[in-house]
Amino acid sequence: MNLTEIKNGERARIVQINGDRRYLSRITSIGLNVGCKVEMLQNVKKKPLLIYGRDTMIALNREESERIQVEVEG
């Protein structure tokens with residue numbers, strides 16, 4: 001599933017990031033990479049996602065978030 005499908009309060013681990021070199025460079029520069037654990041803080045339709053990962057709150061637009069595949073941790 002992609003990052004936009006995670007509900008508020010759920011935790012997940014990034015399993016794949018899809019995109020061109022520029023996108024991958026930007027996403028990894030803000031600390032998101034494969035294996036990184038994230039927690040969804042805010043997922044409201046048509047608004048940017050707010051996630052917590054690597055001791056930092058990160059806002060991502062929905063288009064960017066759809067390229068990040070995650071696995072929900074139970």
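The values are calculated or read from the model by the stated rules, or taken from the named source; none is laboratory data. All figures in this text were calculated on a predicted structure; none of them were measured in a lab. Ideal geometry is used to build each Cβ from the backbone, glycine not excepted, and the neighbour counts take in all protein chains shown. Just the protein is used for accessible areas: all its heavy atoms, side chains included, with ligands, DNA and RNA removed. Shrake-Rupley method; radii C 1.70, N 1.55, O 1.52, S 1.80 Å.
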Considering only region 30-58, state which residues are at pLDDT 95 or above and of a type in the set (Ser, Thr, Tyr).
-> Tyr52
Take region 24-69 and flag every residue that is out of contact with any Phe, Trp or Tyr (no Cβ under 9 Å at 6 or more places or on another chain), among the acidic types (Asp, Glu) and assigned to a helix (DSSP H, G or I).
-> Glu63
What are the residues in region 24-55 that are within 16 Å of Glu10 (Cα to Cα), open to solvent by 60 Å² or more (accessible area, probe 1.4 Å) and either touching a helix residue (DSSP H, G or I) at 6+ places or on another chain (Cβ under 7 Å) or touching a residue at least 12 places away in the same chain (Cβ under 8 Å) (or both), if any?
-> Lys37, Leu41, Gln42, Tyr52, Arg54
Inside region 1-23, can you point out the residues that are within 14 Å of Gly53 (Cβ to Cβ) and either touching a Leu at 6+ places or on another chain (Cβ under 8 Å) or open to solvent by less than 40 Å² (accessible area, probe 1.4 Å) (or both)?
-> Leu3, Ile6, Ala12, Ile14, Ile17
